[in-house]
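Colleague: Sharing a structure with you now.
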Amino acid sequence: MQRLISQYRNYLTRYDSVIAYALLGVVGGLASGAVIIAFEEAIVYLAALFGVGDHGDNFEALPPMWRFILPAGGALALGIVFYLLKAEDRETGIVHVLSRMHSSYGVLPARNALVQFVAGAFALATGQSGGREGPGVHLGSAVNSLLGQRLSLPNNSLRMLIACGTAGSISAAFSTPLAGVIFAMEVIVAEYTVAGFIPVILAAVTAAAIKRTFDPSGTAFDMPPLELSSLWEIPYIILLGITCGMAVVAFIQISKRTAQLSRYNIILRFSVAGCISGALALVVPQVLGVGYDSLNLALAGQLTLGLLLALAAAKLVATAITAGMGIPVGVIGPNLLIGGCLGGAFGMIGFNLMPAYASDPTLYVVLGMAATMGAVLNAPLAALLAVIELTRSIGLSMPAMLVIVAATLTSGGIFGQRSLHQTILRQLQRLIPDDPLNQLLHRTHVGSIMDTRVVRVPTVVGAEDRVTLLEFRPQWCLVSKEREDLYLVHGDELLDWLSASENEDADITDSGIRRWTMTRVPLQATLRQTLDSINRHTVEAACVFERSRRSRQPVLHGVVTRENIDRFTLGRLHSEE
């Protein structure tokens with residue numbers, strides 16, 4: 001079994017190993033689908049303990065005072081728990097995944113995933129205003145990353161496992177496998193390659209199949225057949241997109257300003273967020289939790305115009321503050337509700353003003369959902385495909401494209417607003433480069449260019465060492481003394497110096513051979529990780545090691561220099577032009 005896993009690891013070091021990555025996609029889909037189902041069931045179970053029925057969504061049925069006490073008390077409890085955690089263990093959600101993908105090369109910690117699962121389920125069960133899709137992306141990505149770490153898979157495959165976990169989580173949450181694929185590639189990986197699409201597609205399909213096995217209904221929302229009645233509605237649809245874009249800008253700005261309060265005690269911050277949600281729930285009970293029950297009512301046309309506008313405003317404020325304060329909830333679901341309520345209001349107004357030209361108000365609910373999702377994530381294609389899959393109607397593609405473009409242009413073009421996750425990352429001063437060079441370095445394993453002709457030699461080279469060097473004629477020699485690796489020298493230069501030396505035991509430290517400073521990287525490393533290590537330690541080369549189960553000293557596999565990396569990247573980028 002170990003031999004098979006070792007061979008599989010070798011296949012994964014090559015990014016174009018389609019079969020190996022296809023298997024990775026299936027496993028990733030199974031894992032992410034299973035963890036999403038477990039997370040959703042945990043929310044329902046915990047909510048039932050607090051007297052919340054209807055799959056953990058029916059907060060409206062609670063007594064008025066309990067609608068305040070539950071979110072306020074839940075936030076206080078979460079604040080106390082988070083106060084006891086280390087700062088690095090508190091990070092959760094999509095921002096955490098994006099940050100760790102680049103800073104830790106796809107290695108997601110188990111502690112943060114556990115915090116996300118328990119605290120996220122508790123937060124949503126106690127009525128904190130937020131969504132479950134962001135936590136789902138974290139959990140799906142984390143379970144796949146942890147699986148890859150357990151099997152010691154190369155780090156370039158961890159990146160793909162995270163993409164598979166993301167696609168699987170979105171696919172399982174909404175039963176929209178195609179939107180899950182595009183969301184993973186558009187938001188998380190930020191690149192499109194044929195080799196990358198195949199495992200992600202398989203992960204999305206597998207996760208959707210797992211979800212449908214446990215939930216035969218297969219859909220998150222009840223959608224009637226919809227179509228655009230008249231082209232005269234196009235200006236009105238564009239106006240809806242502009243309105244949704246402005247709502248997203250307000251949402252992100254409130255969240256950004258709230259996040260600046262991070263210097264205050266976390267118990268106080270969480271408690272304030274819970275009290276705000278609770279106070280709003282006294283007026284608009286539907287603001288608590290995810291709100292999918294209210295969204296289904298909006299789709300069915302069962303909410304009044306006043307309630308739609310009040311719920312949109314309350315949900316925007318409550319979720320923006322809750323997420324900004326750091327409570328581990330998502331923002332995708334709430335923004336679907338915000339957009340759906342705005343769209344529903346537009347639909348009602350349009351139908352009353354121009355009944356002969358207006359489409360079913362439900363159409364505007366769906367278009368509003370697409371507009372806010374596309375703008376808040378800066379993922380227009382994922383939002384478009386989500387609408388098509390949810391409604392099962394390709395005929396909605398034209399109005400959906402218009403409303404998504406209008407919202408995205410309003411948010412990003414007019415107001416210069418980045419997506420919520422990019423805004424938070426920028427606020428945390430964590431730059432996530434997504435240029436072609438960095439993408440290439442992240443997906444390329446160190447073994448693709450390392451020179452394996454390397455041996456360890458002692459500082460004092462004896463007769464036996466000379467024989468070994470002459471037989472192997474290495475490109476590199478790692479000079480060591482008392483189990484400590486000192487520096488690298490070129491093999492040819494060392495052999496030339498030894499042949500000229502008159503001493504039987506020659507001390508390399510007395511030679512004038514050029515010494516190459518070096519650092520260590522694990523065998524799982526990518527070229528990005530290798531180059532970062534070289535830059536961080538201000539050295540010229542990296543020695544690639546693998547931990548040995550038999551001896552304490554790591555096994556030396558090869559050497560990579562800065563010049564090797566530069567030559568490889570220049571050649572590859574030129575060949576792709």
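Colleague: Under 7 Å by Cβ, and 6 or more places apart or on different chains, what pairs join a residue from the stretch 358-371 that is more than 19 Å from A247 (Cβ to Cβ) and modelled with pLDDT under 95 with one that is outside any helix (DSSP H, G or I) and of a type outside the set (V, I, T)?
Modeller: Filtered contacts from the stretch 358-371: A358/S229; S359/L228; S359/S229; D360/L226; T362/P224; T362/L226; T362/G301.
Matching residues to (1) open to solvent by 80 Å² or more (accessible area, probe 1.4 Å); (2) at pLDDT 95 or above; (3) closer than 30 Å to A323 by Cβ; (4) not aliphatic (A, V, I, L, M):
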residue: F214; (1), (2), (3), (4): yes, no, yes, yes
residue: M223; (1), (2), (3), (4): no, no, yes, no
residue: E233; (1), (2), (3), (4): no, no, no, yes
residue: G241; (1), (2), (3), (4): no, yes, yes, yes
residue: G245; (1), (2), (3), (4): no, yes, yes, yes
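Colleague: Take the conditions of a type in the set (D, E, K, R), under 30 Å from A195 (Cβ atoms) and over 19 Å from the mean Cα position of the chain (by Cα) and apply them to D451. Does it pass? Steps first, please.
Modeller: Details: of a type in the set (D, E, K, R): yes; under 30 Å from A195 (Cβ atoms): yes; over 19 Å from the mean Cα position of the chain (by Cα): yes.
It is true that D451 is of a type in the set (D, E, K, R), under 30 Å from A195 (Cβ atoms) and over 19 Å from the mean Cα position of the chain (by Cα).
Colleague: When you scan the stretch 348-371, how many residues do you find that are open to solvent by less than 10 Å² (accessible area, probe 1.4 Å) and touching a Ser or Thr at 6+ places or on another chain (Cβ under 9 Å)?
Modeller: Summing the residues that are open to solvent by less than 10 Å² (accessible area, probe 1.4 Å) and touching a Ser or Thr at 6+ places or on another chain (Cβ under 9 Å) in the stretch 348-371 gives 6.
Colleague: So how many residues does the stretch 409-437 have that are touching a residue at least 60 places away in the same chain (Cβ under 8 Å), in contact with a Leu (Cβ under 9 Å, 6 or more places away or on another chain) and assigned to a helix (DSSP H, G or I)?
Modeller: Result for the stretch 409-437: 5.
Colleague: Scan the stretch 293-347 for residues that are open to solvent by 10 Å² or more (accessible area, probe 1.4 Å) and charged (D, E, K, R) and report the count.
Modeller: 1
Colleague: Here's something else I'd like to know. Within the bounds of the stretch 477-493, is there any residue that is among the acidic types (D, E) and closer than 16 Å to V544 by Cα?
Modeller: Step one: of the stretch 477-493, the residues among the acidic types (D, E) are 482, 484-485, 492-493.
Applying the additional criterion that residues be closer than 16 Å to V544 by Cα yields 484-485.
Among the residues of the stretch 477-493, at least one is among the acidic types (D, E) and closer than 16 Å to V544 by Cα, which makes the answer yes.
Colleague: Go through the residues of the stretch 305-321 one by one and say whether even a single one is touching a residue at least 24 places away in the same chain (Cβ under 8 Å) and in a loop (DSSP other than H, G, I, E, B). Even if it seems obvious, please write down each step before you answer.
Modeller: Applying the first criterion (touching a residue at least 24 places away in the same chain (Cβ under 8 Å)) to the stretch 305-321 yields 305, 308-312, 314-321.
Narrowing the set further to residues that are in a loop (DSSP other than H, G, I, E, B) leaves none.
No.
Colleague: In addition: For E482, are the conditions met, namely being of a type in the set (D, E), on the phi > 0 side of the Ramachandran plot and surrounded by fewer than 19 Cβ atoms within 10 Å (Cβ to Cβ)? Write out each step before concluding.
Modeller: Working: of a type in the set (D, E): yes; on the phi > 0 side of the Ramachandran plot: yes; surrounded by fewer than 19 Cβ atoms within 10 Å (Cβ to Cβ): yes.
Yes, satisfied.
Colleague: Where in the stretch 489-565 are there strands (runs of 3 or more DSSP E), lying wholly inside it, with at least 3 residues that are of a type in the set (V, I, T) and buried (at least 19 other Cβ atoms within 10 Å of the Cβ)?
Modeller: 555-561
Colleague: Further question: So which of V287, V249 is within 18 Å of I332 (Cα to Cα) and open to solvent by 10 Å² or more (accessible area, probe 1.4 Å)?
Modeller: Details: V287 fails: open to solvent by 10 Å² or more (accessible area, probe 1.4 Å).
Every option except V249 fails the conditions.
Colleague: Something else about it: Given the conditions (1) modelled with pLDDT of 90 or more; (2) over 30 Å from G324 (Cβ atoms); (3) open to solvent by 20 Å² or more (accessible area, probe 1.4 Å), which single one is not true for S229?
Modeller: Condition not satisfied by S229: (1).
Colleague: Applying the selection to the stretch 260-275, what residues are open to solvent by 80 Å² or more (accessible area, probe 1.4 Å) and not in a helix (DSSP H, G or I)? Steps first, answer last, please.
Modeller: Step one: of the stretch 260-275, the residues open to solvent by 80 Å² or more (accessible area, probe 1.4 Å) are 260, 263-264, 268.
Across the stretch 260-275, the qualifying residue is only Y264.
Colleague: Would you check which residues across the stretch 462-488 are charged (D, E, K, R) and not in a strand (DSSP E or B) and list them? Working first, answer last.
Modeller: Step one: filter the stretch 462-488 for residues charged (D, E, K, R), giving 464-466, 471, 473, 481-485.
E464, D465, R466, E471, R473, E482, R483 - these are the residues of the stretch 462-488 that are charged (D, E, K, R) and not in a strand (DSSP E or B).
Colleague: Another question, if that's okay. Looking only at the stretch 351-390, which residues are over 17 Å from G333 (Cα atoms) and in contact with a Pro (Cβ under 8 Å, 6 or more places away or on another chain)?
Modeller: Once the filter is applied, which keeps residues that are over 17 Å from G333 (Cα atoms) and in contact with a Pro (Cβ under 8 Å, 6 or more places away or on another chain), the stretch 351-390 yields F351, D360, T362, L363.
Colleague: Of the residues L226, L280, only one is in contact with a helix residue (DSSP H, G or I) (Cβ under 6 Å, 6 or more places away or on another chain) and in a loop (DSSP other than H, G, I, E, B); which?
Modeller: Details: L280 fails: in a loop (DSSP other than H, G, I, E, B).
One residue alone meets the criteria, L226.
Colleague: Out of all the residues in the stretch 401-416, which are modelled with pLDDT of 95 or more and open to solvent by less than 40 Å² (accessible area, probe 1.4 Å)?
Modeller: V403, I404, A406, A407, T408, T410, S411
Colleague: Does the stretch 182-221 hold any residues that are acidic (D, E) and either in a helix (DSSP H, G or I) or under 19 Å from A371 (Cα atoms) (or both), and which are they? Full working, then the answer.
Modeller: The first filter runs over the stretch 182-221 and keeps only residues acidic (D, E), leaving 186, 191, 215.
Across the stretch 182-221, the qualifying residue is only E186.
Colleague: Being over 23 Å from I349 (Cα atoms) and in contact with a Phe, Trp or Tyr (Cβ under 9 Å, 6 or more places away or on another chain) is the filter here, so list the residues in the stretch 222-251 that pass it.
Modeller: Residue satisfying the conditions is V249 alone.
Colleague: Taking only pairs six or more apart or across chains, which ones have beta-carbon atoms under 8 Å, a first residue in the stretch 478-504 that is under 13 Å from V461 (Cα atoms), and a second residue that is of a type in the set (D, E, K, R) and open to solvent by less than 30 Å² (accessible area, probe 1.4 Å)?
Modeller: What qualifies is L478/D485; V479/D485.
Colleague: Please give the helices (runs of 4 or more DSSP H) falling wholly within the stretch 5-124 in which 1 or more residues are in contact (Cβ under 8 Å) with a residue 40 or more places away in the chain, open to solvent by less than 30 Å² (accessible area, probe 1.4 Å) and under 16 Å from S157 (Cβ atoms).
Modeller: Details: elements: 18-49, 64-84, 93-103.
Passing ranges, in order: 18-49, 93-103.
Colleague: Which residues, counting only those in the stretch 465-477, are in contact (Cβ under 8 Å) with a residue 12 or more places away in the chain and open to solvent by less than 60 Å² (accessible area, probe 1.4 Å)?
Modeller: First, the residues of the stretch 465-477 that are in contact (Cβ under 8 Å) with a residue 12 or more places away in the chain: 466, 468-470, 472-477.
The answer is R466, L469, P474, Q475, W476, C477.
Colleague: Would you be able to tell me the number of residues in the stretch 421-458 that are open to solvent by less than 20 Å² (accessible area, probe 1.4 Å) and either out of contact with any helix residue (DSSP H, G or I) (no Cβ under 8 Å at 6 or more places or on another chain) or not polar (S, T, N, Q) (or both)?
Modeller: So the answer is 10.
The values are calculated or read from the model by the stated rules, or taken from the named source; none is laboratory data. Quick caveat, the model's predicted, so the values are computed rather than measured. Neighbour counts run over all protein chains shown; Cβ positions are idealised from the backbone, glycine included. Side chains included, ligands, DNA and RNA excluded: accessible areas come from the protein's heavy atoms. Shrake-Rupley method; radii C 1.70, N 1.55, O 1.52, S 1.80 Å.
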